[in-house]
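Asker: Before I ask anything, here is the structure I am working with.
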Amino acid sequence: MKGQKKYCAGCYDDVYNHGLGGSRECWHLEDSKVVKRKEVHINDVPPWKHQTIKKVNNCYNKSKHVYVNPERDH
């Protein structure tokens with residue numbers, strides 16, 4: 001599925017979807033896809049079985065977090 005703005009909330013680059021810097025849309029959005037990922041904080045140690053699976057655009061990034069395939073637990 002093509003990327004959607006509703007999955008940009010919380011992304012570091014979401015600022016570009018709100019008209020800041022002369023832009024109206026993040027440059028990643030057009031080529032992005034909606035995927036399921038686990039959000040893991042960089043200080044969190046495996047296993048990651050407790051992490052929730054969430055839908056995000058594949059370009060989604062958040063400071064101090066990584067996004068891994070939902071099947072991964074380490």
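Asker: Going through VAL45, VAL35, VAL40 one at a time, which residue ends up being under 16 Å from GLY3 (Cβ atoms) and modelled with pLDDT of 90 or more?
Answerer: Details: VAL45 fails: under 16 Å from GLY3 (Cβ atoms); VAL40 fails: under 16 Å from GLY3 (Cβ atoms).
The match here is VAL35.
Asker: Mind counting the residues in region 11-60 that are of a type outside the set (Phe, Trp, Tyr), over 23 Å from GLU71 (Cα atoms) and assigned to a loop (DSSP other than H, G, I, E, B)?
Answerer: Matching residues across region 11-60 total 6.
The values are calculated or read from the model by the stated rules, or taken from the named source; none is laboratory data. Every value quoted in this text rests on a predicted model; they were computed, and no experiment measured them. For neighbour counting, all protein chains shown are included, and Cβ atoms are generated from backbone atoms with ideal geometry for every residue, glycine included.
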